[in-house]
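One structure is given here, and the rest of the page talks about it.
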Amino acid sequence: MFEGKTFYHQTTRRAVIAFGVMFNNLEVRRRDAAGNIIQTLRVPLAYAAKNKMLARIQALPDADKLEKQVILPRMSFEVISFEYDGARKINNVNSFSQVTSQTKANRVYGPTPYNITMNLYCYTKNQDDGLQIFEQIVPAFNPDFNVTVNYIPELGIKHDLPIILNSVTFQDDFEGDLDTRRTIIWTYTFTLKLYYYGPTESQSIIRSAVANVFNDPAFDQQLDKYDITTDPVDALPTDTFKYVENNGL
């Protein structure tokens, strides 16, 4: 089934990058009692699992290696699951084509719809930092936000990618003695509605067709002949052209 059809459109990679770019410029501003800004922090963002990031945050720095403790706030995100979405399935016969030469065109058949669940984690050391980030993210999703993804550049296939904010939860891991570092974790759960395309195939451009009409199963008694050709004969799908029809033996 898959012999000779190795391909990779980087669909998931493009979607993950588009998702990360959305949250790459968030800032937290800290103020004094008078309301004056005393510190502005850009919130770093990385692709990382939650447990890996927590281990890094809670690890003590190594003085011999001149390490510093991880500064909060900080964010990370990861892919959680893939789920088929049959409600968005279109007919497999549908195809997209792009002319590559005078005689050839590339074609790909209709895509398979999948939903990707992604989690965005926000790690802060106080509630105000977390609330600032929360109020910068939530208004953009009602409940979704669309970004345009270039699925297959060589065919010019682009789709709007709905990114849906499903839920927001937070937990305060402030447990233990005074040496334990407090970390408040906000979890934003999103659904990304993607399409996955199959392999691209090369096909000849059809400019003429012939239909022979017979009156018997053995094809011995031909009744008529019908043919149609483009005018001009070297027309491309994007050109302006007409059809020339002929019938009769």
Quick one: which strands (runs of 3 or more DSSP E) lie wholly within the range 140-249 and hold at least 3 residues that are modelled with pLDDT of 90 or more, assigned by TED's automatic domain parsing to the domain that holds Tyr114 and surrounded by 13 or more Cβ atoms within 10 Å (Cβ to Cβ)?
-> 144-152, 157-172, 184-196
Given (1) in contact (Cβ under 8 Å) with a residue 12 or more places away in the chain; (2) within 30 Å of Tyr8 (Cα to Cα); (3) not small (Gly, Ala, Ser), number of the condition Ile206 does not satisfy | (1)
Residue among Ile157, Ile163, Ile116, Ile137 that is more than 18 Å from Thr11 (Cα to Cα) and among the β-branched types (Val, Ile, Thr) | Ile137
Among Tyr151, Tyr188, Tyr226, the single one that is out of contact with any Pro (no Cβ under 6 Å at 6 or more places or on another chain), among the aromatic types (Phe, Trp, Tyr) and free of Cβ contacts under 8 Å to residues at least 40 places away in the same chain is Tyr226
Determine whether Asp129 is among the acidic types (Asp, Glu) and farther than 15 Å from Tyr195 by Cα.
-> yes
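The values are calculated or read from the model by the stated rules, or taken from the named source; none is laboratory data. Only a predicted model underlies this, so the values are computations on that prediction, with no experimental measurement involved. Positions of Cβ are generated from backbone atoms using ideal geometry, with glycine treated the same way; all protein chains shown enter the neighbour counts.
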